[in-house]
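What follows draws every value from the coordinates through simple rules; no lab data is involved. Nothing here was measured: the structure is a model prediction, and the numbers come from that model. Don't worry about glycine lacking a Cβ; one is built from the backbone with ideal geometry, like all the others, and counts go over all protein chains shown.
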Amino acid sequence: MKNLIIYKSNTGFTKSYAEMLSRRVVPNEIIELKHLRLKDLKEADNIFFGGPLRNNVIEGLNKFLKHYDLISNKNIFIFATGIEPITDEKKENVIFANGLDLYHVRLYLLPGGMDVSKMSAIKRKLFKIAMKQASKKQGISEDLINQRFSTPIDLTNSSNLDKMVDVYHRVMIKKD
């Protein structure tokens, strides 16, 4: 039984979950999305894909799902990390934004984090512009917003993977 863990991570939170998951579903191979080969997908029995959420879109998921015809008969677990609160409405929005209702996959939303210092220069600049606009729109001091985001937030925790890992183990029992 081969488990493949694929991830895309911009600031390290999704990678952190992929590494935590690799200690809980063994044996496995863990691969960053940019290094994924079709051979990896074909050889796997169970596939986990993780990516960060941006405006309800799971980054990198479209690249992964373009090979769905090769993996449609496998167990596919998708996890997405973000900073927004996780609600049923949020999950429905993510399903809709990614077209996941067209695929047979399991989706898990996990609390990630926010660390502006780990963003690429371009994303950091865009983030600061967006925060400046938001502060004006909401009548909040720009200094207060800058102060709030100057401290990193990390909500990653191995226990956030419990539900996904539990489902994985139940699916494996049914296969035996």
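Things worth noting here:
- Size of the chain: Rg and Dmax of its alpha carbons, in Å, are 17.4, 59.
- Simple Cβ-charge dipole of the chain, Lys/Arg +1 and Asp/Glu -1, about Cα centre, in debye nearest 20: 480 debye
- For segment 44-110, diffusion coefficient by Stokes-Einstein and Kirkwood Rh (Cα), 10 °C, 1.306 mPa s, µm²/s: 132 µm²/s
- With respect to the chain, whose longest principal axis is taken over its alpha-carbon atoms, helix 88-98 is tilted by about 70°.
- Footprinting exposure proxy ranking of Thr14, Thr87, Thr156, fewest other C-beta atoms within 10 angstrom first, gives Thr87, Thr156, Thr14.
- Semi-axis lengths, largest first, of the ellipsoid equivalent to segment 1-60 are 20, 13, 9 Å, with √(5λ) applied to each eigenvalue of the Cα gyration tensor.
- Each DSSP beta bridge with both residues in the chain is either parallel or antiparallel, and the antiparallel ones are about 15%.
- Expected 222 nm ellipticity per residue - DSSP helices of 4 or more, -39500 (n - 2.57), all of the chain, to 500: -12500 deg cm²/dmol
- Cross-link reach is defined here as a Cα-Cα straight distance under 27 Å, omitting same-chain residues fewer than 8 places apart; for Lys2 the lysines meeting it are Lys15, Lys34, Lys39, Lys42, Lys63, Lys66, Lys74, Lys163, Lys174, Lys175.
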